Amino acid sequence: MTEHVNLYGQPVGEALPLWSARSFPARITLTGHYCRVEPLCVARHVDALYAAYAAAPDGRDWTYMFVGPFRDKEAYRAYLTATEQQQDSQCYVVIDTRTDNAVGTFSLMRVDVNNGVIEVGSVAFSPALKRTPLATEAHFLLMGYVFEQLHYRRYEWKCDSLNAPSRRAALRLGFTFEGIFRQAVVYKGRARDTAWFSLLDNEWPQCKRDFLDWLAQDNFDTEGKQVESLAAIRGSRLKGSS
């Protein structure tokens, strides 16, 4: 229950007297240990990205995306070109720092600068990126940019409610499940109920510490396998704070 009331004794939200509109995401490069996140450039990235996605055995990775799978590189190039030209979102490419190859993309979208709300979406990670430290670090870098440089208040994740891997990923990354928007979208000729998740600015500091503990070099053995999972690290922290 809110602790704030107005002059009529009615409960109201927390006052934000110093609030101001936030900036739109920039074409910025973010560098980590495993990966680099940089703005999409079709001319520089299309070949490596298409090759990375082509390594998948079938088109199932595109089932819950609004686009794809693509019949050939030119079709994918056309999609990337349109994406690069969009003014209402900013697409970023994940680069494997070991190979300097592009291995996936994601975007900051549905940007609400007035209210400090932003969504990470269009997450298209290739087989070379999925379930790797690079994937986690890429999300960590983008979250840090949103909360620490752009100073947004709310970071959203949305997906088809039937997309179990995406829902698991959101929870693993520290998002809170908020509910289902029924019959919210029609795409690819079918209905979609949308699952909503969020991470707030006041939750980010602890979430950041969990990421840093998981990404620490001593949390991986000589074969690169994690010693302790991110979920276990978060669970230990929650248990210790109870």
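The numbers here are math on the coordinates, done by the rules we state, and not lab data. What you see is a predicted model; the values in this text were computed from it and never measured. Heads up, the Cβs are rebuilt from the backbone with ideal geometry, glycines too, and the neighbour counts pull from every protein chain shown.
General observations
- Reach of LYS73 by Cα under 19 Å, taken over aspartates and glutamates that are not fewer than 8 positions away in the same chain: ASP47, ASP58, ASP61, GLU84
- Angle in degrees between helix 73-85 and the longest Cα principal axis of the chain, rounded to the nearest 10: 30
- Three semi-axes of the equivalent ellipsoid, region 159-242, Cα gyration tensor, whole Å, largest first: 31, 17, 10
- The chain, helix-only ellipticity at 222 nm - DSSP H runs n ≥ 4, -39,500 (n - 2.57), divided by all residues, nearest 500: -9000 deg cm²/dmol
- Packing rank of 188-196, 148-156, where each peptide gets the mean count of other beta carbons within 10 Å, highest leading: 148-156, 188-196
- Neighbour-count ranking [beta-carbon atoms within 10 angstrom, fewest first] of SER107, SER198: SER198, SER107
- Using Cβ point charges alone (K and R +1, D and E -1), the dipole size of region 32-185 about the Cα centre works out to roughly 400 debye.
- Most mobile listed residue (PRO57, PRO69, PRO205) in the chain, GNM with C-alpha springs under 10 Å: PRO57
- Using 0.36 nm per residue and subtracting the Cα-Cα separation, the extra length available between VAL117 and LEU171 on full extension is 17.6 nm.
- Per residue convex hull volume, Cα atoms of region 38-79, in Å³: 84
- Charge dipole (debye, nearest 20) of region 85-165; +1 at Cβ of Lys and Arg, -1 at Cβ of Asp and Glu: 160
- Segment ARG209-CYS41, extension gain: residue separation times 0.36 nm, minus the distance between their alpha carbons: 57.3 nm
- Nearest 10 degrees, 0 to 90: helix 230-241 Cα axis against the chain principal axis: 10
- Entry note, region 116-184: relative contact order of 38 percent, from Cα contacts under 8 Å with a spacing of 6+ residues.
- Degrees separating the helix 42-54 axis from the principal Cα axis of the chain, which is the longest one: 80
- For the chain, the relative contact order is 16 percent, taking Cα pairs closer than 8 Å that sit 6 or more residues apart in sequence and dividing their mean separation by the residue count.
- The Stokes-Einstein estimate for the chain, based on a Kirkwood radius over Cα pairs and taken at 25 °C with 0.890 mPa s viscosity, is a diffusion coefficient of 126 µm²/s.
- Note on region 188-242 and region 109-131: Cα centroid distance 16 Å, given to the nearest whole angstrom.
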